[in-house]
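To start, the structure itself, in structure tokens.
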Amino acid sequence: MKTATRVLILILSPVLSASCSLGPNAVENQGFESINSDSGLPDGWHPAHLARTKDFVSFSSTEEAAHSGRRAASLEIHQDHPEERVDYNWTRPIDGLKPGKPYLLSAWMKTENLKSPAFMMLQYWSEGEQPKMLGGARTETGFPVLGTTDWTHVATVFSVPEGVGQARIRAGISSKDNIGGKVWFDSIEIREVY
């Protein structure tokens, strides 16, 4: 199944750019340009971390490196991070995705000292008071970005199942094997494919 997904993505990538149209971007503040004046963090984006390990990771909006525009979001795992695995990420809700329609999830990533890949994913959750995760889409399976890299484009195609109550995008790295590692994200997009 994983091989089939990778092959599908690789086959569809040139087809998408050559013969398909893309709808508007569903990700607000996709370039992290708009900053909340109180927190200093990108508007609409939230750092996902555990309370017990929040002092071992840094989330920031930075002008030191950007793929496009003036800013990018970064995430860095400190050298003194405990051995516990934590999947740190920037996250935000995504609204307006239509069940059964194909979408392209894409982003630009830049990495430094990563031994396990950075990830870009979309999760979809059921409706109701106690939502359950129904599935999602990930880029690191087909496009593993690790080590120290310049800006790298990642993408995957997905469709949302019926019964989704909410969708959430996540961009991050795991602390496993990434102590002292850093990642930057920019130009995150989710576009319907016509």
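So the values come out like this:
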quantity	calculated
Percent breakdown of C-alpha pair distances by 10 Å bin, ordered from the shortest bin, for the stretch 106-152	25, 40, 21, 14, 1
Largest-first ordering by accessible area, 1.4 Å probe, given options Glu129, Glu192, Glu76	Glu129, Glu76, Glu192
Using alpha-carbon coordinates, inclination of helix 2-19 to the longest axis of the chain, degrees	70 degrees
Which of His78, Thr152, Gly135, positive extreme of dipole for the chain (C-beta unit charges)	Gly135
The stretch 130-172: Rg to Rh, with Rh as the Kirkwood radius over Cα pairs	1.05
Solvent-accessible area, 1.4 Å probe, carbon plus sulfur percent, for the stretch 41-106	46 percent
Solvent exposure, largest accessible area first (probe 1.4 Å, DNA, RNA and ligands not counted), of Ser21, Ser74	Ser21, Ser74
Directionally averaged shadow of the chain, computed from the convex hull of its alpha-carbon atoms, nm²	11.7 nm²
Net lengthening on full extension, Lys115/Gln79 (0.36 nm per residue, minus Cα-Cα)	11.6 nm
Label-to-label distance, nm, for residues given as Arg70 and Thr152 (7 Å Cα→Cβ offset)	3.0 nm
Estimated inter-spin distance, Ser34 and Asp87, nm [label 7 Å along Cα→Cβ]	2.8 nm
Per-pair calculated FRET efficiency, R0 = 35 Å: Ser21 and Lys132 via Cβ, rounded to 0.05	0.55
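The values are calculated or read from the model by the stated rules, or taken from the named source; none is laboratory data. These numbers come from a predicted model, not from an experiment. Cβ sites come from the backbone with ideal geometry, for glycine too, and all protein chains shown count toward neighbours. Accessible surface is based on the protein model in full, side chains and every heavy atom, while ligands, DNA and RNA are left aside. Shrake-Rupley method; radii C 1.70, N 1.55, O 1.52, S 1.80 Å.
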